[in-house]
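First comes the structure, then the notes that go with it.
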Amino acid sequence: MKQRTEAANTLRLHLYEFGHVAPEGIGYLPRRAKVVDDPDIEVPELARDICRMLLDQIAQFTARIDALKARFAAMSQDAEMPRQLQTMPDVGPITALAVETFAPPMEQFRRGRDFAAWLGLVPRQHSSGGKQRLGKTSKMGQRDIRRMLIIGATAVIRWASRRGAPKGSWLARMLERKPIPVVAVSQANKMARGIRAMPTRGESYRGPVLIGA
């Protein structure tokens, strides 16, 4: 996926050199391909050939990514726990399989907060003047699961930013007071607690915890 992103960014920069501006993101690739294929748009032939080569590379990467996603999706439906975890919004096949593969049995964690702490999603505590204070998250624990949960949490926040988080909800209050990266970690913390709860209770996701809580 990183290689596809790099190729797409290189294509965008090549076209920018010749005055053709397109927003970042793989979703805007058709717009760039249209520029490359339009003979009426002034782009040197050598540059056009390079752009076509980049488009071919991106198509190959996309085909491989789609094939891997299909495999992950099939694998995640073969086991009870990944199926269960995917009932939570923004927990996809890869995240669900990562939790099953890399995390200890959820029964080892007494509370959801303990699992979130194991992932490094709980602020560290330190004393100052006899008072307990919360610092930055420890960032210890399993990095892959933590990163994927933060990506999923960021997707929730972007959705809420476009549609509007329910008035008075936890997420709405957090977005009013905190920067988005901080809110994303807090949201990932809530997701981790929910992930721990589902297998231990033998239940699927019963939200709305993510946006409405």
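Are there DSSP H segments in the chain that both extend 24 Å or more along their axis (alpha-carbon positions) and score a mean Kyte-Doolittle hydropathy of at least 1.6? List them, or say none.
none
Sort the following peptides by mean Cβ neighbour count (other Cβ atoms within 10 Å, averaged over residues), highest first: 182-193, 13-24, 76-87, 55-66.
Result, highest mean first: 182-193, 76-87, 55-66, 13-24.
If Lys and Arg each add +1 and Asp and Glu each add -1, what is the summed charge of the other residues whose beta carbon sits under 14 Å from the beta carbon of Val36?
-2
Determine, for Lys34, Lys167, the number of other Cβ atoms within 10 Å of each Cβ, and report the residues in order from fewest to most.
Sorted ascending by nearby Cβ count, the order is Lys167, Lys34.
Using helices alone, what [θ] at 222 nm do you get for the chain, with -39,500 (n - 2.57) per DSSP H run of 4 or more residues, divided over all residues and rounded to the nearest 500?
Helices in the chain give a 222 nm mean residue ellipticity of -20000 deg cm²/dmol.
Would you mind computing the Rg to Rh ratio of the stretch 79-124 from its alpha-carbon coordinates, Kirkwood style for Rh? Don't skip to the answer; put the middle values down first.
Values: Rg = 11.2 Å, Rh = 11.4 Å.
With Rg and the Kirkwood Rh in hand, the quotient comes to 0.98.
Restricting things to alpha carbons, tell me how big the stretch 80-201 is in terms of Rg and Dmax, in Å.
Over the stretch 80-201's Cα set, Rg and Dmax evaluate to 14.9, 49 Å.
Taking the number of other C-beta atoms within 10 Å as the exposure measure, put Ile195, Ile157, Ile41 in order starting with the fewest.
Listing Ile195, Ile157, Ile41 from fewest to most nearby Cβ atoms yields Ile41, Ile157, Ile195.
Here are labelled values, [x] 18.9; [y] 17.2; [z] 20.0, and one is the computed Kirkwood radius over Cα pairs in Å for what I pasted. Which one?
Checked against the structure: label [z].
Read-outs: derived from the displayed coordinates by stated rules, not from any lab. Because the structure is a prediction, the values reported are computed rather than measured. When we count neighbours, we look across all protein chains shown, and the Cβ atoms used for this are built from the backbone with ideal geometry, even at glycine.
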